[in-house]
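Have a look at the structure below, then the notes.
The values are calculated or read from the model by the stated rules, or taken from the named source; none is laboratory data. It should be emphasised that the depicted structure is a prediction, and the values quoted were computed from it without experimental measurement. So basically every Cβ, Gly included, is an ideal-geometry build from the backbone, and we count neighbours across all protein chains shown. Accessible surface areas use protein heavy atoms only, side chains included; no ligands, DNA or RNA. Shrake-Rupley method; radii C 1.70, N 1.55, O 1.52, S 1.80 Å.
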Amino acid sequence: MQIEKSQDIELGGMKVSSVAHIAVAVPDLEKAMSFYHDRFGAKISAPTENTAQGVRIAFAEFSNTKIELLQPLKKVSPVGRFIERNPSGGIHHICFSTEDAESAHSTAEANGLRPLQMPEQGVHGHPLFFLHPKETFGALIEIEESG
Ligand code: CO
């Protein structure tokens, strides 16, 4: 199968332009922040909390994308359960940028993908939603509006 290189990648009809971040769930945010800073020279953002999602978040910034470090605030949360299964941490999701989350959401549904929620405001104030990994080759995918 030939895949054409293009600026805008068509994913099931969704227009995504880049990988916004790759998220890694970690048991200890401060240790992970030091690791990305000390070992890779990444600029690290100040940690924030998303109590609704039950996570503390910091970003390790690279020239072409970011690593989103996620530490669960409680055991009973999506990231908490992930850490229970993967105590030393692991890749949690990949986030793609889109210009229009509403449109990406309806296009995803129309193409047999399974959005896990309606687009909702993320920690950075941009609408986002996740796609169920069953239809995405096992990878949890986040689609976030850029801006
Ligand atoms: Co994310």
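Data table
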read-out: Helix 101-110 axis, angle to the chain major axis (alpha carbon atoms, nearest 10°); value: 60 degrees
read-out: If the convex hull is drawn through the Cα atoms of the chain, its volume per residue in Å³; value: 131 Å³
read-out: Given the chain, longest segment not containing exposed loop GluC sites (Glu not before Pro) (DSSP; at most 14 other Cβ within 10 Å); value: 5-98
read-out: Student exercise, the chain dipole from Lys, Arg, Asp, Glu Cβ charges, in Debye to nearest 20; value: 660 debye
read-out: Å² of accessible area per residue within the chain, as computed with a 1.4 Å probe and no ligands counted; value: 60 Å²
read-out: Within the accessible area of the chain (1.4 Å probe), percent carbon and sulfur; value: 53 percent
read-out: Sequence-distant lysines (8 or more away, or on other chains) whose Cα lies within less than 23 Å of K15; value: K5, K66, K134
read-out: Within the chain, percent of DSSP bridges classed antiparallel, to nearest 5; value: 75 percent
read-out: Sparsely packed trypsin sites (Lys or Arg not before Pro) within the range 13-84, loop by DSSP, other Cβ within 10 Å at most 13; value: K74, K75
read-out: Beta bridges per DSSP with both ends in the range 69-147, % antiparallel, nearest 5; value: 60 percent
read-out: Cα-based helix-to-principal-axis angle, 29-40 vs the chain, degrees rounded to 10; value: 80 degrees
